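Read through the structure below, which is laid out as structure tokens, and then see the notes.
The values are calculated or read from the model by the stated rules, or taken from the named source; none is laboratory data. Just so we're clear, the structure is a prediction, and the values are computed from it rather than from any experiment. In this analysis, Cβ positions are derived from the backbone assuming ideal geometry, glycine residues included, and neighbour counts consider all displayed protein chains.
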Amino acid sequence: MPVDVATIMLMFPVVSLSMAAAMLVVAWGRWRDDGLAPWAAGVLMIAVAFPLFIVNSLASNQFPALMVVGNTLLAASYSASLVAICRFFGRPCSHWRILVPLVVAMAGSLVLMDLPEARVAAGGALFSLQGGMVAREALHRDNGVLERGRLLLAIGAGMVR
């Protein structure tokens, strides 16, 4: 049976919407407490980004601007996850670590708009770096009572994206 990449990519927004809805219900009324709301926002951004990739792919890359927006949303989702982890553990989060990847994703996607292979490679490198920042924050040694779960959280954060 042949693999349909568009169908596989459609799974991302469906699962992401389900997860984001559940997280937002749990976070309702406590938007600034524990980081669940920014984490849900990041998952919601994934749900928006992947349909953009699907449309561009089905249109034979005729809408590269959709890729720029999609890549920027993916970078924003990692940034939201970083904010969520920092907030959860009660630590400040540098604005540079949040905003610079967004600028890099947008600028890199614009510069590489007509070079899809290079754009995918650059995006992969950026998203790997951002995933590493999220995992590093989760593995930080002063996470207190959640010492047992920090490795699981770090691995999960790295794998989900």
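A few remarks follow.
- Hey, residue 100 part of a helix (DSSP H, G or I) and buried (at least 17 other Cβ atoms within 10 Å of the Cβ) or not: no
- Residue 65, sole failed condition from (1) out of contact with any helix residue (DSSP H, G or I) (no Cβ under 9 Å at 6 or more places or on another chain); (2) within 30 Å of residue 7 (Cβ to Cβ); (3) part of a helix (DSSP H, G or I): (1)
- Residues satisfying the stated conditions in the stretch 16-59, i.e. closer than 26 Å to residue 93 by Cβ, among the β-branched types (Val, Ile, Thr) and surrounded by fewer than 17 Cβ atoms within 10 Å (Cβ to Cβ): 25, 26
- The number of residues in the stretch 54-111 being free of Cβ contacts under 8 Å to residues at least 12 places away in the same chain and more than 23 Å from residue 133 (Cα to Cα) comes to 6.
- Residue 77 vs. criteria touching a Lys or Arg at 6+ places or on another chain (Cβ under 8 Å) and over 15 Å from residue 12 (Cα atoms): no
- Selected residue (criterion: farthest from the chain's Cα centre (by Cα)) from residues of the stretch 1-15 that are surrounded by fewer than 14 Cβ atoms within 10 Å (Cβ to Cβ) and closer than 19 Å to residue 52 by Cβ: 4
- In the stretch 123-137, the residues that are in contact (Cβ under 8 Å) with a residue 24 or more places away in the chain and among the polar types (S, T, N, Q) reach residues that are surrounded by fewer than 19 Cβ atoms within 10 Å (Cβ to Cβ) and assigned to a helix (DSSP H, G or I) with C-beta atoms within less than 9 angstrom, at least six apart or across chains, in these pairs: 130/97.
- Within the stretch 104-124, being small (Gly, Ala, Ser) and under 14 Å from residue 63 (Cα atoms) holds for one residue alone: 109.
- Qualifying residue in the stretch 71-85 (condition: in a loop (DSSP other than H, G, I, E, B), in contact with a helix residue (DSSP H, G or I) (Cβ under 8 Å, 6 or more places away or on another chain) and modelled with pLDDT of 90 or more): no
- Scanning the stretch 22-61 for residues that are assigned to a loop (DSSP other than H, G, I, E, B) and either more than 24 Å from residue 84 (Cα to Cα) or at pLDDT 85 or above (or both) returns 59, 60, 61.
- Only a single criterion out of (1) buried (at least 18 other Cβ atoms within 10 Å of the Cβ); (2) under 22 Å from residue 44 (Cα atoms) is not satisfied by residue 122, namely (2).
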